[in-house]
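Written below as structure tokens is the structure these notes are about.
The values are calculated or read from the model by the stated rules, or taken from the named source; none is laboratory data. What you see is a predicted model; the values in this text were computed from it and never measured. Positions of Cβ are backbone-derived with ideal geometry, glycine not excepted, and every protein chain shown enters the neighbour counts.
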Amino acid sequence: MMFVGAHSARWRPRALGVPGASPASPASARCDQQRNVRNAGVRAMMPTSQKRSMRLNSLPVGVLWASASASAVETDVDPKIIDGKAMARQVEDELAAEVTHMKETNGLVPGLAVIIVGERKDSQTYVRAKRKACERVGIASFGYDLPEATTQHDLEVLIEQLNVRADVHGILVQLPLPSHIDSEVVLDKISYEKDVDGFHPLNMGRLCMAGGGREEPRFVPCTPKGCIEMLKRKNVAVAGKNAVVLGRSNIVGLPAAMLLNQMDATVTICHSKTQDLAAKVRDADILVAAVGRAQFVPGDWIKPGAVVIDVGINAVEDASKKSGYRLVGDVDYASCYEKASLITPVPGGVGPMTIAMLLRNTVDGAARSLE
Ligand SMILES: Nc1nc(=O)c2c([nH]1)NC[C@@H]1CN(c3ccc(C(=O)N[C@@H](CCC(=O)O)C(=O)O)cc3)C=[N+]21
């Protein structure tokens, strides 16, 4: 049976607070001494003209501070940049406290099952990041690494088993799935009460329904939820503002538009058939770019003072890097930075917040299981 193999691949929970110090995640340690390392990451995202001015307030002022009071230091190094990595660590700290409390009062350990089918390198990277994040906050993670040739039936059987397991509160099937598997059918199989990705039609449907008295979705998709959390934590006023969402995917664009609509923004969804895209974007007080095209949005499309949330993660060739590539977003960062009042970097922006929201959803799912 394939699940024997899957079980042997089960992730072993490690002690809390052990930094998963791999070169790919330099900021996984949370101690104060590490703060300047993290700030260095932000500094790398800044145009050179800004770097000099920020050096003054990036002195190690917080060495004696508790991490709970470190937020101003961590996220406001350059007030224009929304440091998603630091913000995600803050969310993780909050979640770790909740998880500890849950364990102490109810003996409950939140559990997340992550299924990956096939050997896509990018999927493996993301899944590894999710597992490490679970370790940091004390969530038990159960990894299922299934071969490319896994059948639709076997995948569905696994999901049904996870649906009834009391120690699993969230189930995530990493996308994209191999083409011989019908993703929609698979996602519908996940119990909507464990659908921490928020992709189940019942969760998506409830997200899209407006009006009083309706049931809230059990879970909201992690990437758009992370975008909104960034706006909230930066105290961005949304009501009455023009929000433009580039892209209409089920995973990002569409749910992001629904959430902004619920916050009383005037939302415009743009896509490949949109006429005069530049004019639409120039009207945006808040721009969410999720088109999957490297540096697609130039700075001269940005309204002065706009808030720019860049969801894109695109690899572009870069001979100066050891890997041969670097990651860029869907906006041209340097020119958009000049016009924006707030902007998210790539990497270190929406990506880490996506993972933090997955943890949030898993802890919420565990809390709901007590009701
Ligand atoms: N069922 C499912 N749920 C998902 O949430 C899901 C998925 N499938 N398939 C793929 C996309 C992509 N995604 C990312 C999450 C974090 C980073 C992230 O943390 N990125 C780092 C950089 C990572 C790197 O260096 O490669 C950053 O932006 O700083 C990126 C991408 C979740 N996804």
Within region 163-178, how many residues turn out to be outside any loop (DSSP other than H, G, I, E, B), away from the ligand (no atom under 14 Å from the Cβ) and not polar (S, T, N, Q)? 0
How many residues are touching a Pro at 6+ places or on another chain (Cβ under 9 Å), within 11 Å of the ligand (Cβ to nearest atom), free of Cβ contacts under 8 Å to residues at least 60 places away in the same chain and not polar (S, T, N, Q) if we restrict to region 110-134? 1
Within region 342-371, which residues are more than 10 Å from the ligand (Cβ to nearest atom) and assigned to a loop (DSSP other than H, G, I, E, B)? 370, 371
Region 259-277, residues that are under 18 Å from residue 307 (Cβ atoms) and touching a helix residue (DSSP H, G or I) at 6+ places or on another chain (Cβ under 8 Å): 259, 260, 263, 267, 268, 269, 270
The condition from (1) in a loop (DSSP other than H, G, I, E, B); (2) out of contact with any Asp or Glu (no Cβ under 6 Å at 6 or more places or on another chain) that residue 316 misses is numbered (1)
Residue 309: passes all of (1) within 9 Å of the ligand (Cβ to nearest atom); (2) touching a Ser or Thr at 6+ places or on another chain (Cβ under 8 Å) but (1)
Take residue 311 and tell me if it is modelled with pLDDT of 95 or more, surrounded by 24 or more Cβ atoms within 10 Å (Cβ to Cβ) and either touching a Phe, Trp or Tyr at 6+ places or on another chain (Cβ under 7 Å) or closer than 21 Å to residue 223 by Cα (or both). yes
Which one of these is more than 16 Å from the chain's Cα centre (by Cα), away from the ligand (no atom under 14 Å from the Cβ) and assigned by TED's automatic domain parsing to the domain that holds residue 256: 339, 322? 339
Among (1) in a helix (DSSP H, G or I); (2) assigned by TED's automatic domain parsing to the domain that holds residue 115; (3) more than 13 Å from the ligand (Cβ to nearest atom), there is one condition residue 187 misses while meeting the rest; what is its number? (3)
